[in-house]
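Trainee: Please see the structure below; I have some questions.
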Amino acid sequence: MFDATNVSYDTQIPNNVGLSGDRRVLKALERWHPGYIDWWKNLGPEGFQEHMVYLRTAVSVDPKGWARFDYVKMPEYRWGILLAPQVEGRTIPFGQHYGEPVWQEVPGEYRAMLRRLIVIQGDTEPASVEQQRHLGATAPSLYDLRNLFQVNVEEGRHLWAMVYLLHKYFGADGREEADGLLQRQSGSAEAPRMLGAFNEATPDWLSFFMFTFFTDRDGKMQLESLAQSGFDPLSRTCRFMLTEEAHHMFVGETGVGRTIQRTCEAMVQAGIEDPYDIDRIRALGVIDLPTIQKKLNLHFSLSLDLFGAEVSTNAANAFNAGIKGRYQETKIDDDHKLTNATYPVAEFKDGRIEIVDMPALSAINMRLRDDYVRDAAGGVKRWNAIIAKTGMAFEMKLPHEAFNRKIGTFAPANVTPAGEVLNADAWNAGRDTWLPSASDGEFIASLMKPETEPGKYAGWIASPKIGIDNKPGDFEYVKLHES
Ligand SMILES: [Fe+2]
Ligand SMILES: [Fe+2]
């Protein structure tokens, strides 16, 4: 009997799923492994493959002590397969099978749907690593460099998590899909990643922080709703992934927060009160608040597109089937079947934004998106507290949900961040005041100079309050001069 809490290292792949007793899956994963390492070396972090990085590795699924910190070369990181412990007597918490025992095997009728959801989730994991692969060259500190790599190796582990499910439960077509996850590539013309935001460039560190704040948070919401799944192995996988995901959003929130803080402090020091005195502020070597707001607008709108169409038959079917639930499903006080329930849905019709009541079943995406917006708003509030503390008169805001959308009801609409509907010409004329312009990008790029001395930070970003794993300020998170 294997121990589901502690990780077994008796195979090449650390795991708590009893892999050594499952020859077929072990073999399949060992065959997949070299391709993964090739992918990591070719499309993973560029230029730091031989350096020692102070990383956490998941060694258990015990919430009190699941990770261990140590120096490791990234290609030697122990990517493992870890599922949260099985909950005794768990039942399907929603949909037409509500109250029935959860499935330990894939129900035949939902096989295609499940495989599709696992592949879409799996596709996002390596995609972000690819998007972020050039950032190491311009890290504002060794602390930030290490955090980038921590996020990267964990996205790598999330890929493993999805690949395990494909190999274990989906036979030959699962193997094929697992191979496909290493064949598509972010931004590629021939074989792009499956979702739009995962084919966008991450050109600078402010983008990286916005991405981990907004896009990883979409990941969190997707994982939360899959963690409710009646397919128990998927639920357990996603539950454990969520423990790691929290750090990714920490990196994003504190990264943007430290950028904001440094800007405000520099303005105070220079006696600049007007946040729109952009040339003078930029001359201080910091990113002006209006430009940070533009980056926020861009990443928020890209992330909203990840939730799909507001009204969706696929989402209704997945809910009905008991495959993908709502955020915190078990805490919601209703019938968990949504037989007669309605939900208010935004709609763009005749040039106007309206809210209409729709069957709650078909509005599952909209509801998850609303939960996401609430979750993201909490972080924006904390950013504004940083600004307010310095006495600056400026507030970061989430743009209107109809702003800059490519998917769903708002795709054809031209809406400002304040929610005003414009014609295409007027919108295009305003574009550069709402979204980062080419010259904004050039300015930010000009600040992206690496700072590699332990304990030092680039001039555009404040130092963090505490070190990773409580390390002192001058801790050498990445050893650049020895390997
Ligand atoms: Fe992930
Ligand atoms: Fe993540």
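Trainee: When region 245-295 is examined, which residues are found to be more than 20 Å from the chain's Cα centre (by Cα), within 20 Å of residue 464 (Cβ to Cβ) and basic (Lys, Arg)?
Mentor: Across region 245-295, the qualifying residue is only 262.
Trainee: Sticking with this one: Is one or more of the residues making up region 75-92 within 16 Å of ligand 2 (Cβ to nearest atom), touching a residue at least 60 places away in the same chain (Cβ under 8 Å) and over 30 Å from residue 452 (Cβ atoms)?
Mentor: yes
Trainee: Going through region 259-276 one residue at a time, which ones are without any contact (Cβ under 8 Å) to a residue 40 or more places away in the chain and over 15 Å from residue 391 (Cβ atoms)?
Mentor: The answer is 276, and nothing else.
Trainee: Considering each of 217, 282 in turn, give the residue that is more than 16 Å from ligand 2 (Cβ to nearest atom) and of a type in the set (Lys, Arg).
Mentor: Values: 217 fails: more than 16 Å from ligand 2 (Cβ to nearest atom).
Just a single option satisfies the conditions, and that option is 282.
Trainee: In the set 175, 157, 193, which member is within 21 Å of the chain's Cα centre (by Cα), of a type in the set (Lys, Arg) and in a helix (DSSP H, G or I)?
Mentor: 157
Trainee: When residue 212 is evaluated against the numbered criteria (1) within 13 Å of ligand 1 (Cβ to nearest atom); (2) touching a Lys or Arg at 6+ places or on another chain (Cβ under 7 Å), which criterion, by number, is the only one it fails?
Mentor: Looking at each condition in turn, residue 212 falls short on (2).
Trainee: From 97, 167, 134, grab the single residue that is surrounded by fewer than 22 Cβ atoms within 10 Å (Cβ to Cβ) and more than 21 Å from the chain's Cα centre (by Cα).
Mentor: 97
Trainee: In region 78-94, what residues are buried (at least 20 other Cβ atoms within 10 Å of the Cβ) and within 30 Å of residue 192 (Cα to Cα)?
Mentor: Result: 79, 80, 81, 82, 83.
Trainee: Right, another one. Looking at 225, 229, which one is buried (at least 24 other Cβ atoms within 10 Å of the Cβ), at pLDDT 95 or above and in contact with a Phe, Trp or Tyr (Cβ under 7 Å, 6 or more places away or on another chain)?
Mentor: 225
Here's the yes/no breakdown for (1) assigned to a loop (DSSP other than H, G, I, E, B); (2) modelled with pLDDT under 90:
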site	(1), (2)
65	yes, yes
70	no, no
79	yes, no
84	yes, no
88	yes, no
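Trainee: Examine region 431-449 for a residue that is under 30 Å from residue 480 (Cα atoms) and part of a loop (DSSP other than H, G, I, E, B), and state whether such a residue exists.
Mentor: For region 431-449, residues under 30 Å from residue 480 (Cα atoms) and part of a loop (DSSP other than H, G, I, E, B): present.
Trainee: Among the candidates 143, 164, 169, single out the residue that is more than 17 Å from residue 114 (Cα to Cα) and either within 12 Å of ligand 2 (Cβ to nearest atom) or touching a residue at least 60 places away in the same chain (Cβ under 8 Å) (or both).
Mentor: Being more than 17 Å from residue 114 (Cα to Cα) and either within 12 Å of ligand 2 (Cβ to nearest atom) or touching a residue at least 60 places away in the same chain (Cβ under 8 Å) (or both) holds for just one of 143, 164, 169, which is 143.
Trainee: Any idea which residue in region 128-151 is farthest from residue 68 (Cα to Cα), counting only those that are out of contact with any His (no Cβ under 7 Å at 6 or more places or on another chain) and within 10 Å of ligand 1 (Cβ to nearest atom)?
Mentor: 128
Trainee: Tell me yes or no: at least one residue of region 43-59 is at pLDDT 90 or above, surrounded by fewer than 20 Cβ atoms within 10 Å (Cβ to Cβ) and in a helix (DSSP H, G or I).
Mentor: Checked against the condition, which is being at pLDDT 90 or above, surrounded by fewer than 20 Cβ atoms within 10 Å (Cβ to Cβ) and in a helix (DSSP H, G or I), region 43-59 yields at least one hit.
Trainee: Only residues in region 246-258 that are open to solvent by less than 20 Å² (accessible area, probe 1.4 Å) count as the first member; pair them with residues that are of a type in the set (Val, Ile, Thr) and not in a helix (DSSP H, G or I), Cβ under 9 angstrom, at least 6 apart or cross-chain, and list the lot.
Mentor: 255/461; 258/461
Trainee: Right, next: So is residue 236 within 30 Å of residue 113 (Cα to Cα), open to solvent by less than 20 Å² (accessible area, probe 1.4 Å) and basic (Lys, Arg) or not?
Mentor: So residue 236 does not fit the description; no.
Trainee: Select from region 227-257 the residues that are away from ligand 1 (no atom under 14 Å from the Cβ), under 19 Å from residue 215 (Cα atoms) and of a type in the set (D, E, K, R) and list them in ascending order.
Mentor: 253
Trainee: Take residue 316 and tell me if it is at pLDDT 95 or above, touching a helix residue (DSSP H, G or I) at 6+ places or on another chain (Cβ under 8 Å) and in a loop (DSSP other than H, G, I, E, B). First the steps, then the outcome.
Mentor: Values: at pLDDT 95 or above: yes; touching a helix residue (DSSP H, G or I) at 6+ places or on another chain (Cβ under 8 Å): yes; in a loop (DSSP other than H, G, I, E, B): no.
Taking the combined requirement at face value, the residue does not satisfy it.
Rundown of residues vs (1) among the small types (Gly, Ala, Ser); (2) surrounded by fewer than 22 Cβ atoms within 10 Å (Cβ to Cβ), yes/no style:
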position: 279; (1), (2): no, yes
position: 300; (1), (2): no, no
position: 315; (1), (2): yes, no
position: 320; (1), (2): no, yes
position: 331; (1), (2): no, yes
position: 335; (1), (2): no, yes
position: 349; (1), (2): no, yes
position: 352; (1), (2): no, yes
position: 359; (1), (2): no, yes
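Trainee: Are any residues in region 100-131 under 26 Å from the mean Cα position of the chain (by Cα), open to solvent by less than 30 Å² (accessible area, probe 1.4 Å) and aliphatic (A, V, I, L, M), and if so, which ones?
Mentor: Once the filter is applied, which keeps residues that are under 26 Å from the mean Cα position of the chain (by Cα), open to solvent by less than 30 Å² (accessible area, probe 1.4 Å) and aliphatic (A, V, I, L, M), region 100-131 yields 114, 118, 119, 127, 129.
Trainee: Can residue 243 be described as more than 20 Å from residue 326 (Cβ to Cβ), open to solvent by 10 Å² or more (accessible area, probe 1.4 Å) and among the hydroxyl-bearing types (Ser, Thr, Tyr)?
Mentor: yes
Trainee: Would you mind stating whether residue 137 is assigned to a helix (DSSP H, G or I), in contact (Cβ under 8 Å) with a residue 60 or more places away in the chain and either within 16 Å of ligand 2 (Cβ to nearest atom) or within 23 Å of residue 244 (Cβ to Cβ) (or both)?
Mentor: Numbers: assigned to a helix (DSSP H, G or I): yes; in contact (Cβ under 8 Å) with a residue 60 or more places away in the chain: yes; either within 16 Å of ligand 2 (Cβ to nearest atom) or within 23 Å of residue 244 (Cβ to Cβ) (or both): no.
The answer is no for residue 137.
Trainee: Just one of 424, 438, 445 is open to solvent by 40 Å² or more (accessible area, probe 1.4 Å), free of Cβ contacts under 8 Å to residues at least 12 places away in the same chain and under 21 Å from residue 205 (Cα atoms); which is it?
Mentor: 438
The values are calculated or read from the model by the stated rules, or taken from the named source; none is laboratory data. This one's a predicted model, so the numbers in the text were calculated from it and none came from an experiment. Neighbour counts run over all protein chains shown; Cβ positions are idealised from the backbone, glycine included. Ligands, DNA and RNA are stripped out before the accessible areas are found, and what is left, the full protein with its side chains, is counted by its heavy atoms. Shrake-Rupley method; radii C 1.70, N 1.55, O 1.52, S 1.80 Å.
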